[in-house]
Amino acid sequence: MATTQIPSLPPFFNMRYTDEKGELTVNAQLYNDLTYQILSQVVDYFNTGLQLPRKITTEINAYANDINIPLGTLWYNVTLNKLQFKSGAGTVQTVTST
């Protein structure tokens with residue numbers, strides 16, 4: 001299943017933003033345009049509904065021990081039909097309702 005990735009903003013760099021007339025330089029226009037396009041994609045992504053990565057239990061258990069996966073990472077466990085999150089090194093908790 002393909003997942004949508006939120007794009008990264010363009011890196012900030014030191015440049016002249018305006019010319020002698022006070023108008024945006026070509027570089028500033030390009031930077032603003034790229035930033036606008038990416039932020040528009042982010043807005044579209046969230047407006048269409050946040051979709052968590054769908055994983056099976058085996059995959060989630062492997063991620064629990066991976067130090068590159070940050071605490072708080074959320075998954076939808078398709079095996080259990082439940083939300084799960086990484087809460088510590090090697091620890092995954094299941095979100096349950098009462």
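Laboratory data are not the source of any read-out in this text; all were calculated from the coordinates shown. What you see is a predicted model, and the numbers here were worked out from it, not measured in a lab. With ideal geometry, Cβ positions are generated from the backbone for all residues, glycine too; neighbour counts draw on all protein chains shown.
Among Pro11, Pro53, Pro70, the largest mean-square fluctuation in a Gaussian network model of the chain (Cα springs under 10 Å) belongs to Pro11.
Here's how it looks for Thr73: its modeled amide H is under 5 Å from those of Lys86, which are all 5 or more places away or on a different chain.
Expressed as a rounded percentage, what relative contact order does the chain have, with Cα pairs under 8 Å and six or more residues apart?
With pairs under 8 Å counted, the relative contact order is 18 percent.
Counting only Cα atoms, segment 54-94 measures 24, 15, 13 Å along its principal axes, largest extent leading. Of all the stretches in the chain, which is the longest one without any exposed loop site, taking trypsin sites (Lys or Arg not before Pro) in a DSSP loop (any state but H, G, I, E, B) with at most 12 other Cβ atoms within 10 Å? The segment 22-98 is the longest one with no such site. Close amide H contacts of Val92 (hydrogens built in the peptide plane, cut-off under 5 Å, sequence separation of 5 or more or a different chain): Ser87.
For the chain, the mean residue ellipticity at 222 nm estimated from helices alone is -10000 deg cm²/dmol, where every DSSP H run of n ≥ 4 contributes -39500 (n - 2.57) and the total is divided by all residues, rounded to the nearest 500. Each principal axis of the Cα cloud of the chain was evaluated for its coordinate range; sorted largest first, these ranges are 63, 29, 27 Å. Calculate, for Lys82 and Asp44, the FRET efficiency according to 1/(1 + (r/R0)^6) with r their C-beta to C-beta distance and R0 35 Å; round to the nearest 0.05. Taking R0 as 35 Å, the efficiency between Lys82 and Asp44 is 0.80. Across Ile60, Ile38, Ile69, mean-square fluctuation computed from a Gaussian network of the chain (C-alpha pairs under 10 Å connected) peaks at Ile69. The dipole here belongs to the chain: it is taken about the Cα centre, uses +1 on the Cβ of Lys and Arg and -1 on the Cβ of Asp and Glu, and is about 480 debye.
Which loop-located chymotrypsin sites (Phe, Trp or Tyr not before Pro) does the chain contain, where loop means any DSSP state but H, G, I, E or B and the Cβ has at most 15 other Cβ atoms within 10 Å?
Here the chymotrypsin sites (Phe, Trp or Tyr not before Pro) that fit, given the DSSP loop and packing criteria, are Phe12, Phe13, Tyr17.
The gain in end-to-end length when the Glu23 to Thr57 segment is fully stretched comes to 6.7 nm, 0.36 nm per residue minus the alpha carbon separation.
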